[in-house]
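Comments concern the structure below.
The values are calculated or read from the model by the stated rules, or taken from the named source; none is laboratory data. In this text the structure is predicted, and so the values were computed from the model without any measurement. Here the Cβ positions follow ideal geometry from the backbone for every residue, glycine too, while neighbour counts run over all protein chains shown. With ligands, DNA and RNA removed, areas are computed over all heavy atoms of the protein, side chains included. Shrake-Rupley method; radii C 1.70, N 1.55, O 1.52, S 1.80 Å.
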Amino acid sequence: MNSPISSTLSDENRKVAADALQNVLVDVIDLSLIGKQAHWNVVGSQFRSIHLDLDELVATAREFTDQVAERLTAIGVSPDGRVATVARDSGTKGFGDGWSKDTEVVASIVGNLAAVIARLREGIEATGDADPVTQDLLIGQAARLEQLHWMWQAQLA
């Protein structure tokens, strides 16, 4: 089906923005899933605080997922958040199975946040000229994820 939504962006600029947004979409979907997996499986003396911090991370990732998907639709591109697409295209580091010690969970979340932020920054750079509106969205998300990255790293200090 042809897109029922048109865009004011040129085809070239729309492709640049769409590629950046799609990368972020799969990454934040995966980050929310990683956060929930960790939430259910964290054990250790810091269980309670990490368990609650993971809820905050998941809520942020889910909010960002919707923002990115809606921006994709606004520029006339169908977002692809299907499981197979996320599994194939995500740039996260993933998360193991089974129970995970609190310090291992924190280290994993720090690594996954760093991976998501790295691709977000690539998207920020790519969209500067092509679509400043998309770039602005990505900058805001990067700022919040970098704040979370700092807070998770502080737990390892």
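Only residues that are open to solvent by 10 Å² or more (accessible area, probe 1.4 Å) and either of a type in the set (A, V, I, L, M) or assigned to a helix (DSSP H, G or I) (or both) were counted in segment 35-54, giving 12. Checking every residue in segment 55-71 against the condition of being over 23 Å from Trp150 (Cβ atoms) and buried (at least 17 other Cβ atoms within 10 Å of the Cβ) gives at least one match. In the condition set (1) of a type in the set (A, V, I, L, M); (2) under 21 Å from Arg62 (Cβ atoms); (3) open to solvent by 30 Å² or more (accessible area, probe 1.4 Å), Leu138 is compliant with all but (3). Summed over segment 93-134, residues that are surrounded by fewer than 19 Cβ atoms within 10 Å (Cβ to Cβ), over 18 Å from Ala20 (Cα atoms) and not basic (Lys, Arg) total 9.
The residue of segment 25-34 that is nearest to the chain's Cα centre (by Cα), among those that are under 13 Å from Leu113 (Cβ atoms) and either crowded, with 24+ Cβ neighbours inside 10 Å or hydrophobic (A, V, I, L, M, F, W, C) (or both), is Val28.
Which of the residues that make up segment 69-92 are under 19 Å from Ala17 (Cβ atoms), in a loop (DSSP other than H, G, I, E, B) and of a type in the set (D, E, K, R)? Asp80 - this is the single residue of segment 69-92 that is under 19 Å from Ala17 (Cβ atoms), in a loop (DSSP other than H, G, I, E, B) and of a type in the set (D, E, K, R). Against the definition (surrounded by fewer than 18 Cβ atoms within 10 Å (Cβ to Cβ) and without any contact (Cβ under 8 Å) to a residue 40 or more places away in the chain), how does Ala74 come out, yes or no? Considered against the rule, which asks whether it is surrounded by fewer than 18 Cβ atoms within 10 Å (Cβ to Cβ) and without any contact (Cβ under 8 Å) to a residue 40 or more places away in the chain, Ala74 comes out as no. Annotation note: Cβ proximity below 7 Å between a residue of segment 125-140 that is in a helix (DSSP H, G or I) and a residue that is surrounded by fewer than 19 Cβ atoms within 10 Å (Cβ to Cβ) (sequence gap 6+ or interchain) occurs for Ala130/Asn13; Gln135/Gly128; Leu137/Gln67.
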